[in-house]
Amino acid sequence: MPASTPAATAQPSSAPPSPAATASPSTDSFWTDAEKHLVRYGPEFTREVIDRAAGSFVHTADGRKILDFTSGQMSAILGHSHPEIVATVQRQIASLDHLFSGMLSRPVVDLARRLSDTLPAPLDKALLLTTGAESNEAAIRMAKLVTGKHEIVSFARSWHGMTQAAASATYSAGRKGYGPSAPGNFAIPAPNAYRPDFTAADGSLDWERQLDFAFDLIDAQSTGSLAACLVEPILSSGGIIEPPVGYMAALQAKCRERGMLLILDEAQTGLCRTGTWYAFERDGVVPDILTLSKTLGAGLPLAAVITSAEIEQRAYERGFLFFTTHVSDPLVAAVGNTVLDVLSADKLDERARSLGVFLRDGLTDIAARHEVVGDIRGRGLLAGLELVVDRETKRSSSELGARVTRRCLELGLHMNIVQLPGMGGVLRMAPPLTATEDELSLGLTILDQAIAEAEAAR
Ligand SMILES: Cc1ncc(COP(=O)(O)O)c(C=O)c1O
């Protein structure tokens, strides 16, 4: 690979780029340019140059077709470049793109009203933003303002985003090296039924005792300023951990006893992914504040904070401020309306339920064939498969997970692996809700082969 191609030839940084420098780089120079000019912001980049994406597949520059079992970044629930989203973006960008943040447009008010129609009372008021972190940032600010307190409780395996308040409530990664997090953030253990830390006589997770103990510790540490609990109904980046039935209601009771608000972050689980419009529907709870992001824009940057008129009123009276450049932007709000149209018209909640059963059955077959599959979990089209070296001890190996993920990619399946201390590698699957059974079967076949090969190589 030449160190310096015409496209990469150095120019003074103040000079305008030449046509050659703006032309699409060859694949040869692509990685040289990427290494030279991109900040590395997380795990290694996937060594593929992606040219385009459509439906359930992404296509590489060298002509490979890769099944996208992560829906982009767990967002593209309608698949890539869904024709109705393409039409909405084209129409909206040509008529009304972006506005002064204090101006309103029809797509924004329509989306706020329509979101409230999909939700139980009293979740009637929406703030439309851009990213998941931003929605949690706004929800935390609102909770602090209306309670007059500042302490925030979250799961020890959480991921709520990379901005200050969201990152302070994120415990699964990224805490070290950035100085103090916001004061008054506390973690409670995530209720992990596969690796229970509090056990009943039969060895199963005793989540009630775990939750009581967790809040004993919270009460011991609190300075009397508990504002809110911010949690995911199913922890995704934490390794697809689904709290048992009854847990969320008990958590909400703990919040109520302490005058705390319950904020549910449905960035990944919201809008039909788990087989119902919202994952919290299973739990018989209604959060005080709900945050939506990823799935709401189906791949475009759109997020929402939704709360009751009562909380909104209290926040308003206290001067709630969350004035951002892209708040209430018409372009992405129009996309959100189209996402709701497609979800309803195509009954994608039902589809996620039935495809979820199909996926689960396929994963169960794989587990029956391979000893290294320790656990299968998840709901609807959000699934997790935990790899272990030994089913008895549940011992893990990061090499095993890395090997399976790598081989899947070579065979044409993109998946994400969660590797956290004390757990095996958890393969996360969240295909588009529009995926077909044939596409899911293809993914399962590739996964089966990759696991078989990794097992044989041990
Ligand atoms: C549950 C959850 N909340 C919030 C976020 C942060 O979203 P964003 O990256 O859009 O800020 C994520 C991202 O993975 C997430 O999974």
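The values are calculated or read from the model by the stated rules, or taken from the named source; none is laboratory data. Quick caveat: nothing in here was measured; it's all calculated off a predicted structure. When we count neighbours, we look across all protein chains shown, and the Cβ atoms used for this are built from the backbone with ideal geometry, even at glycine.
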Of all residues in region 389-409, which are buried (at least 17 other Cβ atoms within 10 Å of the Cβ) and either assigned to a helix (DSSP H, G or I) or not assigned by TED's automatic domain parsing to the domain that holds Glu371 (or both)?
-> Leu400, Gly401, Arg403, Val404, Thr405, Arg407, Cys408, Leu409
Restrict the check to region 384-395 and report whether at least one residue is small (Gly, Ala, Ser) and modelled with pLDDT of 95 or more.
-> yes
Before we move on, is Leu363 within 26 Å of His82 (Cα to Cα) and not acidic (Asp, Glu)?
-> no
Members of region 282-295 found to be surrounded by fewer than 24 Cβ atoms within 10 Å (Cβ to Cβ) and touching a residue at least 60 places away in the same chain (Cβ under 8 Å), listed by number = Arg282, Val286
Residue among Ala228, Ala267 that is closer than 23 Å to Ser308 by Cβ, over 20 Å from the mean Cα position of the chain (by Cα) and within 16 Å of the ligand (Cβ to nearest atom) | Ala228
Does region 36-66 hold any residues that are within 21 Å of the chain's Cα centre (by Cα), within 24 Å of Leu296 (Cβ to Cβ) and surrounded by 12 or more Cβ atoms within 10 Å (Cβ to Cβ), and which are they?
-> Ala53, Ala54, Gly55, Ser56, Phe57, Val58
Test Ala298 against the stated conditions and say whether it is more than 30 Å from Pro421 (Cα to Cα) and either in contact (Cβ under 8 Å) with a residue 40 or more places away in the chain or under 12 Å from the mean Cα position of the chain (by Cα) (or both).
-> yes
Could you please give the count of residues in region 410-448 that are part of a helix (DSSP H, G or I) and closer than 18 Å to Ala383 by Cβ?
-> 12
Hey, Thr88 within 30 Å of Gly356 (Cβ to Cβ), hydroxyl-bearing (Ser, Thr, Tyr) and part of a helix (DSSP H, G or I) or not | yes
Members of region 231-264 found to be at positive phi and away from the ligand (no atom under 13 Å from the Cβ), listed by number = Gly246, Gly259
In region 109-119, residues that are part of a loop (DSSP other than H, G, I, E, B) and over 22 Å from the mean Cα position of the chain (by Cα) total 0
